[in-house]
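Step one of this worksheet: look at the structure below.
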Amino acid sequence: MSIKKVGILTAGGDCPGLNAVVRAVSKNALRHGVKVLGFKNGFDGLVRNEFIEIDEHAVSGILTLGGTILGTSNLANPFRYTLPPFGTPEEPKDLSSVAMHNFNTNGLDALIAIGGDGTLHMAQQFVDMGMPVIGIPKTIDNDLSCTDLTFGFDSAMSVATDAVDRIHTTAQSHHRVMIIETMGRYAGWIALRSAIAGGGDIVLIPEIPYNEQVIVDYILDRRAKGKNFSIIVAAEGAKNEAGEQAVTRTVAASTDPVRLGGIGFKISNMVEEACRVESRVVVLGHLQRGGTPTPFDRWLSTRFGARAMDLVLEGKFGYMVALQGLAIGECKIADAISKLKLVDPNSEEVKTALEVGMSFGSAQIG
């Protein structure tokens, strides 16, 4: 099969490294004489047929830029389209046939979809419809199966670790309990690794339900030993033993309708009441998504992008590139989205945290 033209899109939440992937895909494609169309704002561009033709000039100087030059959207699901004038949250429309029509009308030989769990679920649906798709795993949450790491995660973890580092001085100066709330949805990777790297005292993650009394006892025990401050790193999806999570609101149109958030303030209020100590909360939120990608993420993104274009040239569609050890391999998109990759409570990583004195706020762990 002769590949003459490919489409590329960045969908879902933004994160550092997206531009590096676009650059690598495009440079490899152009080197082989393949034209590249960049669809604007994720799958929305494929539905509305809005794109730019990417040349060497378009990707010059974007390696270190955060965000995405193509724009992105986590609302434009072609299979449940809710954006005006075509659909609404109350009456979503299936516009996948429109997207497929635009793909064919533009004479595309393949689509490279860069995104996380939601994006790759849509990509697989298009694969099932016969579209030749290659996936690239992007998410700060690091929750996709089949790949050891997703790009964007290292940058987000670096931001969170820097926050833990910085919060130590104010916590120690004021003898407070400081709580840092990280992103991550239903996976605790950002919270766990930034807590280990930054020297957090307590880490709360979705995979290990917490008990409020265990948290209180741990803080009071530290104070009894003369440690008058504590750092808690809480993943936004952390849940108690009853399975309750902090939810700010639901967004029906989103690929992930439950919007998590507020765990930091919930724990802070509990700590102040039970421990009679001052507590403050820092919610990192979208700071973790922004800014310049770390060198590691630029390295990984470039390798992912170049390999994705190789898979297109090989005609190996329905696959996602993946980091396996230090090598770039691939797996079926269907396998990558079959289940979320979560922290194993029995893993060496959790054991390491316990061995250096950290608490997971659980009577079952440690």
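The values are calculated or read from the model by the stated rules, or taken from the named source; none is laboratory data. On a predicted model such as this, the values are computed, not experimentally measured, just so you know. Please note: Cβ atoms are built from the backbone with ideal geometry, for glycine as well, and neighbour counts cover all protein chains shown. To get the accessible areas, we keep the full protein, side chains included, count just its heavy atoms, and leave off ligands, DNA and RNA. Shrake-Rupley method; radii C 1.70, N 1.55, O 1.52, S 1.80 Å.
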Discussion item. Suppose the filter is in contact with a Gly (Cβ under 6 Å, 6 or more places away or on another chain) and either loosely packed, with under 15 Cβ neighbours inside 10 Å or of a type in the set (S, T, N, Q) (or both); does Ser26 pass it?
Written reply: no
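Kindly check whether there is at least one residue in the stretch 51-58 that is under 20 Å from Ala308 (Cβ atoms) and in contact with a Ser or Thr (Cβ under 6 Å, 6 or more places away or on another chain). Break it down into steps so the answer makes sense when it comes.
Initial filter on the stretch 51-58 (under 20 Å from Ala308 (Cβ atoms)): 51-56, 58.
Filter once more, keeping what is in contact with a Ser or Thr (Cβ under 6 Å, 6 or more places away or on another chain): 54.
Scanning the stretch 51-58, I find at least one residue that is under 20 Å from Ala308 (Cβ atoms) and in contact with a Ser or Thr (Cβ under 6 Å, 6 or more places away or on another chain), so the answer is yes.
Yes/no matrix, rows are residues, columns are (1) open to solvent by 60 Å² or more (accessible area, probe 1.4 Å); (2) modelled with pLDDT of 95 or more; (3) in contact with a Lys or Arg (Cβ under 9 Å, 6 or more places away or on another chain):
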{"site": "Ser194", "(1), (2), (3)": "no, yes, no"}
{"site": "Gly199", "(1), (2), (3)": "no, yes, no"}
{"site": "Val233", "(1), (2), (3)": "no, yes, no"}
{"site": "Ala246", "(1), (2), (3)": "no, no, yes"}
{"site": "Val251", "(1), (2), (3)": "no, no, yes"}
{"site": "Gly262", "(1), (2), (3)": "no, no, no"}
Item to complete: Starting from the stretch 321-340, keep only residues that are in contact (Cβ under 8 Å) with a residue 40 or more places away in the chain and surrounded by 14 or more Cβ atoms within 10 Å (Cβ to Cβ), then list their pairs with residues that are assigned to a strand (DSSP E or B) and among the polar types (S, T, N, Q) whose Cβ atoms are within a distance under 9 Å, requiring at least 6 positions of separation or different chains.
Response: Cys331/Gln324
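Condition check ((1) more than 28 Å from Gln288 (Cα to Cα); (2) buried (at least 18 other Cβ atoms within 10 Å of the Cβ)) across all residues:
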| site | (1), (2) |
| --- | --- |
| Val21 | no, yes |
| His32 | yes, no |
| Gly45 | no, yes |
| Gly87 | yes, yes |
| Ser96 | yes, yes |
| Asn102 | yes, yes |
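Yes or no: Val350 surrounded by 14 or more Cβ atoms within 10 Å (Cβ to Cβ) and closer than 18 Å to Thr150 by Cα?
Values: surrounded by 14 or more Cβ atoms within 10 Å (Cβ to Cβ): yes; closer than 18 Å to Thr150 by Cα: no.
No; evaluated as a whole, the condition is false for this residue.
Would you check if Val356 is on the phi < 0 side of the Ramachandran plot, crowded, with 17+ Cβ neighbours inside 10 Å and touching a helix residue (DSSP H, G or I) at 6+ places or on another chain (Cβ under 8 Å)?
On the way: on the phi < 0 side of the Ramachandran plot: yes; crowded, with 17+ Cβ neighbours inside 10 Å: no; touching a helix residue (DSSP H, G or I) at 6+ places or on another chain (Cβ under 8 Å): yes.
No: the conditions fail for Val356.
Here's the yes/no breakdown for (1) closer than 23 Å to Phe296 by Cα; (2) of a type outside the set (Gly, Ala, Ser); (3) at pLDDT below 95; (4) under 23 Å from the mean Cα position of the chain (by Cα):
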position	(1), (2), (3), (4)
Val6	no, yes, no, no
Ala11	yes, no, no, yes
Gly17	yes, no, no, yes
Leu46	no, yes, no, yes
Phe51	no, yes, no, no
Asp55	no, yes, no, no
Worksheet item: Tell me, which strands (runs of 3 or more DSSP E) wholly within the stretch 239-352 include 1 or more residues that are under 17 Å from Ile190 (Cα atoms)?
Response: 258-260, 279-283
Worksheet item: Where residues in the stretch 125-153 are surrounded by 23 or more Cβ atoms within 10 Å (Cβ to Cβ), out of contact with any strand residue (DSSP E or B) (no Cβ under 7 Å at 6 or more places or on another chain) and not aliphatic (A, V, I, L, M), which of them is nearest to Val98 (Cα to Cα)?
Response: Thr139
Worksheet item: So Thr255 clears everything in (1) modelled with pLDDT of 95 or more; (2) within 30 Å of Glu90 (Cα to Cα) except one condition, right? Which one?
Response: (1)
Worksheet, complete the sentence: Checked pairs for the stretch 348-366, first more than 16 Å from Glu212 (Cβ to Cβ) and touching a residue at least 24 places away in the same chain (Cβ under 8 Å), second part of a helix (DSSP H, G or I) and open to solvent by 10 Å² or more (accessible area, probe 1.4 Å), C-beta under 7 Å and 6 or more apart or across chains, list as Thr352/Ile196; Ala353/Ile196
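So which residues in the stretch 1-34 are of a type in the set (D, E, K, R) and under 27 Å from Asn77 (Cβ atoms)?
First, pick out the residues of the stretch 1-34 that are of a type in the set (D, E, K, R): 4-5, 14, 23, 27, 31.
Matches in the stretch 1-34: Lys5, Asp14, Arg23.
Being charged (D, E, K, R), crowded, with 16+ Cβ neighbours inside 10 Å and within 18 Å of Met131 (Cβ to Cβ): is that true of Arg80 here? Outline the logic, then answer.
Details: charged (D, E, K, R): yes; crowded, with 16+ Cβ neighbours inside 10 Å: yes; within 18 Å of Met131 (Cβ to Cβ): yes.
It is true that Arg80 is charged (D, E, K, R), crowded, with 16+ Cβ neighbours inside 10 Å and within 18 Å of Met131 (Cβ to Cβ).
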Response to the item:
All-but-one check, Ser2 against (1) touching a Pro at 6+ places or on another chain (Cβ under 6 Å); (2) open to solvent by 10 Å² or more (accessible area, probe 1.4 Å), failing number (1)
Worksheet item: List pairs: first in the stretch 1-12 and within 17 Å of Lys316 (Cβ to Cβ), second at pLDDT 95 or above and open to solvent by 50 Å² or more (accessible area, probe 1.4 Å), Cβ under 7 Å, 6+ apart or cross-chain?
Response: Ile3/Leu313
